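Every number here is computed from the coordinates shown, using simple stated rules; none is lab data. The structure presented is a predicted model; accordingly, all values stated were derived computationally and were not measured. When we count neighbours, we look across all protein chains shown, and the Cβ atoms used for this are built from the backbone with ideal geometry, even at glycine.
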Amino acid sequence: MPELPEVELTRRRLERELTGKIIDRVVVRAPKLRFPIPQELSVTLPGRTIRSVARRGKYLLFDCETGWLIVHLGMTGFLRLADGTTPPGKYDHLEIFFADGLVLRFHDPRKFGTVAWTTDDPAAHPLLAGIGPEPLTGTFDGSYLFDVTRTRRVAVKQMLMNAAIVAGVGNIYANEALFRAGIRPDRPASTLSRSECHRLALTVREVLQESIDQGSTYRVEEGTVAYHPLDFKVYGRGKETCAGCGGALEETRLGNRSTVFCPHCQS
């Protein structure tokens, strides 16, 4: 699943490529993904200019003058740019053609993505209204984390992946941040000390920012998605040795998600 760094890198590329472009026509090729695709897009969007591309958590927000197109990539979705003369693929469910001949396609084999439209403040949209603070901003810090964990008995990793607590932290980066912070992922969130909360907020920010920085070569090509080369220390490394102490890593499941940690370095 694309996580915050992949979505942010997609946002940067699309804002660079699409800002100022005029929408010529829209083709909706599937009635619904996770939710129905608004059919009015084919009437509402033509003639509108893309003014900016923003991000909230894992959602992309396209400012289309009279409203906002909201897109979530889901488990397998991605947005790709192509020449408008290139025929769509089997899983290209939405196409936005621009006046200069470029086309933006939403490709999603499993149809877990989301496309929505609003003419109101997008922050108030039901999809976005309950999202917590952005982890790369000053509103997410150790003091905030300490306050929200006091009554939560859920495992700290599951808490980090709760979008209502912090925006956009998925399985990969929760694993990595907890390893750096030296905190076991299965510890009840309420057991974290104030100093541990400060350390965890810092490592969450570090792993996300490093992933974005190293992903400067991130690209979406026709038929492929190339992700960034972040050197993960625990994610996807079950039964291997710890990069810190050399001991064996352990693997378990939390919230039905693979979770790898070092029982010696994380407590």
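For region 1-123, a simple Cβ point-charge model (Lys and Arg +1, Asp and Glu -1, everything else neutral) yields a dipole of about 360 debye relative to the Cα centre.
Extending 7 Å from the Cα toward the beta-carbon at both residue 111 and residue 257 defines two label points whose distance is 2.6 nm.
Here's the list of lysines a cross-link from residue 58 could span, going by alpha-carbon distance under 19 Å and ignoring same-chain residues fewer than 8 apart: 111, 157. Measuring nothing but alpha carbons in region 4-124 and taking Rh as the Kirkwood radius, the Rg to Rh ratio lands at 0.91.
The convex hull drawn around the Cα atoms of the chain, when projected onto a plane and averaged over every direction, covers 14.2 nm².
Assuming charge only on the beta carbon of Lys and Arg (+1) and of Asp and Glu (-1), the dipole of the chain about its Cα centre is about 760 debye to the nearest 20.
With Cα atoms defining each centre, region 139-214 and region 24-45 are spaced 37 Å apart in the structure. Projecting the Cα atoms of 254, 171, 79 onto the charge dipole of the chain, computed from C-beta unit charges around the Cα centre, puts 254 farthest toward the positive end. In summary, the aspartates and glutamates within cross-link reach of residue 90, defined as a Cα separation below 14 angstrom excluding same-chain residues under 8 places away, comprise 108, 222.
Relative contact order for the chain: what percent, with Cα pairs under 8 Å and sequence separation of 6 or more? Relative contact order here is 17 percent. Since only 155, 103, 28 are under comparison, the one whose Cα sits farthest along the positive direction of the charge dipole of the chain, derived from C-beta charges on Lys, Arg, Asp and Glu, is 155. For region 128-197, the spherically averaged projection of the C-alpha convex hull amounts to 4.4 nm².
In loop segments of region 1-103 as defined by DSSP, the GluC sites (Glu not before Pro) with at most 13 further C-beta atoms inside 10 Å of their C-beta are 40, 65.
Helical content alone sets the calculated 222 nm signal of the chain at -7000 deg cm²/dmol, taking -39,500 (n - 2.57) per DSSP H segment of four or more residues and averaging over every residue.
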